[in-house]
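**Student:** One structure coming up, written as structure tokens, with questions to follow.
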Number of protein chains: 2
Amino acid sequence: MDLDFSKLGGLITAVIQDHASGRVLMVGFMNEEAFRKTVETGYATFYSRSRNKLWLKGETSGHRLVVKEISTDCDKDALLVSVEALGPGVCHEGYQSCFFRTLREGQWVENQARTYDPAEVYR
Amino acid sequence: MDLDFSKLGGLITAVIQDHASGRVLMVGFMNEEAFRKTVETGYATFYSRSRNKLWLKGETSGHRLVVKEISTDCDKDALLVSVEALGPGVCHEGYQSCFFRTLREGQWVENQARTYDPAEVYR
């Protein structure tokens, strides 16, 4: 399972996609340990660049990502992880997808409604 | 159009997704200039980390990516670019998507057939 972790200082990009809808939910980073945990446990695990530690997605919110399939790209420096997302949303700001802003005439405009109240989940 | 280019040394991650099928085609990186060119020209333009220069996707192959929509995530450090891909494939190895290998029992296994012969395109 040789992946190239060298280009981003020990990390690879992981694109998280909903297995049923095809919606891209978020982008995270994994180091080798996070990748191994993801494969072993079946739950998407990232490396948090801000907290400098492993981060089991959903450890606080319960909104875990159940791995359905993992693919890698030609350079083996990126992953595409197909998931079933538990809970109403992946984004810590209360949206189903982190990509909740779309460019319209030079402005970032909200493209979806909130699916939960983050204040109720993260306290 | 304030984006956060600081986390990856002047770059942000750009996930390229087929606007019709929802298939994730590739992951690239953009610096501020590549992002501006992408918006201005309507063709996905990246920053090549290996060649250290702007890279209009398809400049050699003709397989350009026509931008349909650009979204950004909660942290504004990643882009989701919805495209119409011109030509038979995005991957320089001859596949429709760069994510042509899927993990099966600890091995990366090809998940799609080649759609063109790269030797005919890149010479």
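The values are calculated or read from the model by the stated rules, or taken from the named source; none is laboratory data. Just so it is clear, the structure is predicted and the values come from calculations on it, not from any experiment. Glycine gets a Cβ as well: all are built from the backbone with ideal geometry, and neighbour counts include every protein chain shown. Remember, those area values only see protein heavy atoms, side chains included, never the ligands or the DNA or RNA. Shrake-Rupley method; radii C 1.70, N 1.55, O 1.52, S 1.80 Å.
**Student:** If B:T45 satisfies all but one of (1) without any contact (Cβ under 8 Å) to a residue 24 or more places away in the chain; (2) more than 10 Å from chain A (Cβ to nearest Cβ); (3) surrounded by fewer than 14 Cβ atoms within 10 Å (Cβ to Cβ), what's the number of the condition it fails?
**Tutor:** (3)
**Student:** What pairs come up if the first residue lies in the range B:103-123 and is modelled with pLDDT under 95, the second is among the acidic types (D, E) and open to solvent by less than 70 Å² (accessible area, probe 1.4 Å), and their beta carbons are under 8 Å apart, counting only those six or more places apart or on different chains?
**Tutor:** Between residues of the range B:103-123 that are modelled with pLDDT under 95 and residues that are among the acidic types (D, E) and open to solvent by less than 70 Å² (accessible area, probe 1.4 Å), the close pairs are B:P118/B:E93.
**Student:** Could you look through the range B:96-107, keep only residues that are in contact with a Ser or Thr (Cβ under 6 Å, 6 or more places away or on another chain) and assigned to a strand (DSSP E or B), and pick out the one that is least open to solvent (accessible area, probe 1.4 Å)?
**Tutor:** Step one: of the range B:96-107, the residues in contact with a Ser or Thr (Cβ under 6 Å, 6 or more places away or on another chain) are B:96, B:99, B:101-102.
With assigned to a strand (DSSP E or B) added as a condition, the list becomes B:101-102.
Working: B:R101: 46, B:T102: 1 Å².
Top of the filtered list is B:T102.
**Student:** Could you list, in sequence order, the residues of the range B:48-67 that are under 12 Å from B:G89 (Cα atoms) and exposed (fewer than 15 other Cβ atoms within 10 Å of the Cβ)?
**Tutor:** Start the filter on the range B:48-67 by keeping residues that are under 12 Å from B:G89 (Cα atoms), which leaves B:57-58, B:61-65.
The one that is under 12 Å from B:G89 (Cα atoms) and exposed (fewer than 15 other Cβ atoms within 10 Å of the Cβ): B:G62.
**Student:** Take the range B:1-28 and flag every residue that is open to solvent by 30 Å² or more (accessible area, probe 1.4 Å) and part of a strand (DSSP E or B).
**Tutor:** The answer is none; no residue qualifies.
**Student:** Based on this model, can you work out whether A:G28 counts as small (G, A, S), more than 8 Å from chain B (Cβ to nearest Cβ) and more than 25 Å from B:E69 (Cβ to Cβ)?
**Tutor:** Numbers: small (G, A, S): yes; more than 8 Å from chain B (Cβ to nearest Cβ): yes; more than 25 Å from B:E69 (Cβ to Cβ): no.
Spelling it out, it is not the case that A:G28 is small (G, A, S), more than 8 Å from chain B (Cβ to nearest Cβ) and more than 25 Å from B:E69 (Cβ to Cβ).
**Student:** Among the residues of the range B:68-93, which ones are more than 11 Å from the chain's Cα centre (by Cα), closer than 14 Å to B:F35 by Cα, in contact (Cβ under 8 Å) with a residue 24 or more places away in the chain and open to solvent by less than 60 Å² (accessible area, probe 1.4 Å)?
**Tutor:** Matches in the range B:68-93: B:I70, B:T72, B:K76, B:D77, B:A78.
**Student:** Keeping to the range B:77-123, report how many residues are of a type in the set (D, E, K, R) and either closer than 27 Å to A:G42 by Cα or touching a Phe, Trp or Tyr at 6+ places or on another chain (Cβ under 8 Å) (or both).
**Tutor:** 7
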